[in-house]
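Novice: Sharing a structure below in structure tokens format, with a few things to ask.
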Amino acid sequence: MTALILDTRALEVVANPKADIQAARRMRDMLTSAARMGIPVRVPTAVLAEAYRGIPADAALDHVLARGIRPFTTGQAAARLAGGLRYRDRLDSCHTVDALVVATAIRLGGGIVATGDPDDLRSLAREHANISVQPLS
């Protein structure tokens, strides 16, 4: 796999592990495995937009990013790909960030997607054998 990609729930669990101990353990294991295998951890900027609230608690997200989880800027190609995935699955715009997470994995050449919403992301990634969707619980 080329990257570990975090969706919004995965990023929130890393930023605030006390909120969901079981999901935090799962994320810790995934991050440890990625580090051991030299796999980069990426978070699409659309996920950041969904996770940030404009409140002081956002500092926890900034702390996560400062520790080496890198934002991945989605451009026009990823947006087009995400739109196509959403259209194929007949999903409305509330699934845009999910589609961008999968599009990021596709653009990076595959990877592991850590998610709190495995059903939707598995459906979006179903035609890409090099993408593994891993639930947090």
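Novice: In the range 86-109, what residues are hydrophobic (A, V, I, L, M, F, W, C) and either touching a residue at least 40 places away in the same chain (Cβ under 8 Å) or open to solvent by less than 10 Å² (accessible area, probe 1.4 Å) (or both)?
Specialist: V97, A99, L100, V101, V102, A103, A105, L108
Novice: Confirm whether I112 is touching a Gly at 6+ places or on another chain (Cβ under 7 Å) and open to solvent by 10 Å² or more (accessible area, probe 1.4 Å).
Specialist: No, not satisfied.
Novice: Between residues in the range 11-35 that are free of Cβ contacts under 8 Å to residues at least 24 places away in the same chain and residues that are part of a helix (DSSP H, G or I) and among the acidic types (D, E), which pairs lie under 8 Å by C-beta distance while being six or more apart or on different chains?
Specialist: From residues that are free of Cβ contacts under 8 Å to residues at least 24 places away in the same chain, the pairs are A19/E12.
Novice: Out of curiosity, is A51 open to solvent by 50 Å² or more (accessible area, probe 1.4 Å) and among the aliphatic types (A, V, I, L, M)?
Specialist: No, not satisfied.
Novice: Which residue, of L100, L48, is in contact with a helix residue (DSSP H, G or I) (Cβ under 6 Å, 6 or more places away or on another chain) and closer than 18 Å to L4 by Cα?
Specialist: Unique residue meeting the criteria: L100.
The values are calculated or read from the model by the stated rules, or taken from the named source; none is laboratory data. All values derive from a computational prediction rather than experimental measurement. Positions of Cβ are generated from backbone atoms using ideal geometry, with glycine treated the same way; all protein chains shown enter the neighbour counts. The area values use the complete protein model at the heavy-atom level, side chains included, leaving out ligands, DNA and RNA. Shrake-Rupley method; radii C 1.70, N 1.55, O 1.52, S 1.80 Å.
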